[in-house]
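Novice: Take this structure, written in structure tokens, and hold onto it; I'll ask about it next.
The values are calculated or read from the model by the stated rules, or taken from the named source; none is laboratory data. This one's a predicted model, so the numbers in the text were calculated from it and none came from an experiment. Please note: Cβ atoms are built from the backbone with ideal geometry, for glycine as well, and neighbour counts cover all protein chains shown. Ligands, DNA and RNA are stripped out before the accessible areas are found, and what is left, the full protein with its side chains, is counted by its heavy atoms. Shrake-Rupley method; radii C 1.70, N 1.55, O 1.52, S 1.80 Å.
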Number of protein chains: 2
Amino acid sequence: MGAKKNYNDILKNRNLKVTKHRYAILESLEKSKLPVSAESLYIELKKKGISISLSTVYRSLEALYKKGIVIKSILPDYNKAVFEYNHNEHRHHMICIKCHKMQPVTGCPLEEYEKLIESKFNFTVKGHNLEVYGYCDGCESKTED
Amino acid sequence: MGAKKNYNDILKNRNLKVTKHRYAILESLEKSKLPVSAESLYIELKKKGISISLSTVYRSLEALYKKGIVIKSILPDYNKAVFEYNHNEHRHHMICIKCHKMQPVTGCPLEEYEKLIESKFNFTVKGHNLEVYGYCDGCESKTED
DNA sequence: TTTGTAATTGGGAATGATTCGCATTTGCAC
DNA sequence: GTGCAAATGCGAATCATTCCCAATTACAAA
């Protein structure tokens with residue numbers, strides 16, 4: 001991706017003030033391969049020596065989510081929200097039913113579908129959420145039910 | 001679908017005991033056009049004169065969900081789980097960002113995509129979750145941010 | 001650079017959905 | 001009908017998330 005990302009501009013463009021916390025959060029999220037919970041992000045930031053409170057992590061993530069800078073999702077078997085940097089490359093995830101690991105998948109088959117919905121239901125599509133569930137490589141052969 | 005559904009068989013086939021509560025829950029869910037929260041289902045059952053505790057509603061819904069009889073989902077802006085009868089006809093939903101109304105859409109564009117993921121990642125697909133976000137007919141023209 | 005003000009933050013308390021513990025009841029196989 | 005595991009009720013506990021409010025900070029304008 002070439003040079004260092006300019007989080008300052010990303011924040012300013014959306015009317016969010018630039019703070020060291022938000023900067024650190026964006027940096028962390030962008031580096032992370034997998035979506036993270038507010039709490040694990042909090043712990044990670046603490047480990048890096050950043051002084052921050054859990055409330056701030058929640059508030060920042062929510063603000064970033066509202067602005068579309070990060071993606072938020074909640075899995076039905078893991079009752080907390082996870083966040084990831086919105087790369088705008090439209091990735092979806094494979095989620096393992098056993099170990100809850102989320103792996104990104106690029107490529108999205110939904111453009112046509114969205115158009116269909118718009119014209120059929122008079123619904124203005126702004127986005128979508130797609131997750132594929134199953135057993136990951138490691139959990140494949142274990143028992144179930 | 002013609003005659004009255006036999007919830008007894010559905011439950012027995014999945015090793016769940018048949019109780020009047022589960023029966024009533026399935027009946028309610030199947031009739032409902034929209035996904036409902038545990039609490040609103042609880043209130044609805046009470047109104048019908050059924051004596052049940054909220055814990056039982058939660059426990060039953062969870063059991064039904066684990067067996068694939070109902071579908072559970074959690075929306076990132078409405079932080080509680082909603083449940084719907086699994087009609088096995090694979091419907092997805094349009095969710096309004098403003099009023100949170102969920103409307104079902106039949107038709108699913110994902111068969112090919114799942115095959116692709118299976119072969120590419122050695123991931124055994126068991127299902128998926130797709131929700132389309134946007135503004136519904138009624139909320140269409142209101143302001144945003 | 002300094003100042004004013006609204007946005008942000010810390011930290012702890014409050015909230016609210018969901019789960020748990022345990023005594024009681026119920027479904028159902030035998 | 002009996003026995004036992006599963007299901008239930010009800011209240012307490014849990015846990016993620018939000019809220020409150022005083023202190024701090026970002027940054028626009030002077």
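Novice: Pick from the range B:6-38 the residues that are outside any helix (DSSP H, G or I) and within 12 Å of DNA strand D (Cβ to nearest atom): which of them is nearest to B:ARG91 (Cα to Cα)?
Specialist: B:ARG14
Novice: Suppose the filter is facing another protein chain (nearest Cβ under 8 Å) and either among the charged types (D, E, K, R) or assigned to a loop (DSSP other than H, G, I, E, B) (or both); does B:LYS126 pass it?
Specialist: So B:LYS126 passes the test.
Novice: So how many residues does the range A:68-79 have that are more than 10 Å from DNA strand C (Cβ to nearest atom) and in a loop (DSSP other than H, G, I, E, B)?
Specialist: Here the count works out to 2.
Novice: Checking B:VAL82 against (1) hydrophobic (A, V, I, L, M, F, W, C); (2) touching a residue at least 12 places away in the same chain (Cβ under 8 Å); (3) assigned to a helix (DSSP H, G or I), only one condition comes out false. Which one?
Specialist: Result: B:VAL82 passes all but (3).
Novice: State all residues of the range A:101-116 that are charged (D, E, K, R) and either touching a residue at least 40 places away in the same chain (Cβ under 8 Å) or under 27 Å from A:SER37 (Cα atoms) (or both); if no residue qualifies, say none. Break it down into steps so the answer makes sense when it comes.
Specialist: In the first step, residues of the range A:101-116 are kept if they are charged (D, E, K, R); the result is A:101, A:111-112, A:114-115.
Listed by number, the list holds a single entry, A:LYS101.
Novice: Now a separate question. If A:VAL82 meets every condition in (1) within 15 Å of DNA strand C (Cβ to nearest atom); (2) hydrophobic (A, V, I, L, M, F, W, C); (3) touching a helix residue (DSSP H, G or I) at 6+ places or on another chain (Cβ under 9 Å) apart from one, which number is that one?
Specialist: With respect to (1) within 15 Å of DNA strand C (Cβ to nearest atom); (2) hydrophobic (A, V, I, L, M, F, W, C); (3) touching a helix residue (DSSP H, G or I) at 6+ places or on another chain (Cβ under 9 Å), A:VAL82 is out only on (1).
Novice: Going by what's in this entry, would A:VAL132 be described as more than 10 Å from chain B (Cβ to nearest Cβ), surrounded by 15 or more Cβ atoms within 10 Å (Cβ to Cβ) and within 24 Å of B:LYS101 (Cα to Cα)?
Specialist: No, not satisfied.
Novice: Conditions: (1) open to solvent by less than 60 Å² (accessible area, probe 1.4 Å); (2) within 11 Å of another protein chain (Cβ to nearest Cβ); (3) within 26 Å of A:SER119 (Cα to Cα). B:GLU84 meets all but one. Number of the miss?
Specialist: Condition not satisfied by B:GLU84: (2).
Novice: Report every pair of residues separated by at least 6 positions or lying on different chains whose Cβ atoms are under 6 Å apart, first residue within the range A:8-22 and within 14 Å of another protein chain (Cβ to nearest Cβ), second more than 9 Å from DNA strand C (Cβ to nearest atom) and modelled with pLDDT under 95.
Specialist: Going by the 6 Å Cβ cut-off, the qualifying pairs are A:ARG14/A:LYS67.
Novice: Within the range A:86-120, which residues are hydrophobic (A, V, I, L, M, F, W, C) and closer than 15 Å to B:TYR133 by Cα?
Specialist: Within the range A:86-120, A:LEU110, A:LEU116, A:ILE117 meet the criteria.
Novice: Something else: Output the qualifying pairs, or none if there are none: Cβ atoms under 6 angstrom, residues six or more apart or on different chains, first residue in the range B:47-65 and closer than 22 Å to B:ILE10 by Cβ and open to solvent by less than 60 Å² (accessible area, probe 1.4 Å), second residue among the small types (Gly, Ala, Ser) and in a helix (DSSP H, G or I).
Specialist: B:ILE50/B:ALA24; B:VAL57/B:ALA38; B:LEU61/B:ALA38
Novice: Which residues, taken from the range B:10-54, are closer than 19 Å to B:ILE74 by Cβ and within 9 Å of DNA strand C (Cβ to nearest atom)?
Specialist: Listed by number, the residues that qualify are B:SER37, B:ALA38, B:GLU39, B:LEU54.
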